[in-house]
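Remarks on the structure that follows.
Laboratory data are not the source of any read-out in this text; all were calculated from the coordinates shown. Predicted model only: the values in this text are computed from it and were never measured. Don't worry about glycine lacking a Cβ; one is built from the backbone with ideal geometry, like all the others, and counts go over all protein chains shown.
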Amino acid sequence: MRNFDLHCHSNVSDGVLAPASLAARAKARGVDVWALTDHDEVGGIAEARAAAASLGLPFVPGVEISITWAGQTVHIVGLHVDERNPVLLAGLALTRSGRELRAREMAGQLAAAGIPDAYEGALAYAGNPDLISRTHFARYIIDRGICRDVPSVFRNYLIEGKPGYVPHRWASLQQAVEWIRAAGGTAVIAHPGRYNFDAMAYDALFSEFKDLGGTAIEVITGSHTPDQYEEYARVAQRYGFLASRGSDFHGPGESRVDLGALPPLPSSVKPVWHDWVI
Ligand code: AMP
Ligand code: MN
Ligand code: MN
Ligand code: MN
């Protein structure tokens, strides 16, 4: 089976490596088909596509859109999007526009908690100032010796109930699916096991997503445990979703799962790439 890795991040969002370096790493790690899915931004796709082409690595242009659903942040991946589509570009620009203000408020809270200069500090880690993200704050806080690694920063500072967490309203599920479909893409619920919904809310999310024209969920992702691989394979079957696979790689030494390093999709599911000509 070919090694599809359909989820990762470059320094155009909150990844560490430039798109061309990611392409080289994907190739070196045995990825056969690779997608770049930066958060709320398609600015890395041209570089990624060119680098992949020079390596003979089939490439899928993608994006990972932040939405708010039932009060929580959920991520919707778009695969095979046309990154020049004006509807998608306008939607992503709108989504990015709240990040700076949120980051300034986060920095204010962190200063009150004894961590000064976090806005400038985080910005120094952001390859794209438009995309300042909690991950950049995490890297700054680690660099100051306050926490050991990214998960411990999140546990102590950047999640609900902790100093540094600022509630934020992203796009709606309907908008994200519409933007992806307008750009000719396939909408995929990213790492469904990572959200904090009860069974009824999950059912509502999956049903609403399907009604809106969403067709796939991630089953094998760096964010799932092996038990969740099985659980979401069953969800895919129950709702008639195609299944996707992606490492969600952000950087060497930072991400638990490297590019291409996940197990294959279970044979019980239909891969999201089943009808791709690639
Ligand atoms: P943002 O879009 O600015 O809210 O940042 C979200 C990003 O933070 C995600 O895409 C992950 O890369 C990272 N992240 C979120 N939660 C965690 C966590 N618990 N541990 C490590 N990284 C996380
Ligand atoms: Mn991220
Ligand atoms: Mn995500
Ligand atoms: Mn991701």
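For first residues located in region 103-126 and at positive phi, partners that are assigned to a helix (DSSP H, G or I) and lie 6+ apart or on another chain with Cβ distances below 8 Å form the pairs D117/A107; D117/A111. Does V60 count as in a helix (DSSP H, G or I), among the hydrophobic types (A, V, I, L, M, F, W, C), touching a residue at least 40 places away in the same chain (Cβ under 8 Å) and more than 16 Å from ligand 3 (Cβ to nearest atom)? No. When R144 is tested against (1) within 14 Å of ligand 2 (Cβ to nearest atom); (2) in contact (Cβ under 8 Å) with a residue 24 or more places away in the chain; (3) of a type in the set (K, R), just one condition goes unmet, and that condition is (1). For region 190-228, enumerate the residues that are of a type in the set (S, T, Y) and part of a loop (DSSP other than H, G, I, E, B). Within region 190-228, Y195, T215, S223, T225 qualify.
Number of residues in region 2-31 that are in contact with a strand residue (DSSP E or B) (Cβ under 9 Å, 6 or more places away or on another chain), in contact (Cβ under 8 Å) with a residue 60 or more places away in the chain and surrounded by fewer than 17 Cβ atoms within 10 Å (Cβ to Cβ) equals 1.
Of the residues examined, H75 is not one that is under 15 Å from G251 (Cβ atoms), within 13 Å of ligand 3 (Cβ to nearest atom) and within 18 Å of the chain's Cα centre (by Cα). Among the residues of region 113-123, are any of a type in the set (A, V, I, L, M, F, W, C) and within 24 Å of I45 (Cα to Cα)? Looking for residues that are of a type in the set (A, V, I, L, M, F, W, C) and within 24 Å of I45 (Cα to Cα), one finds at least one in region 113-123, hence yes.
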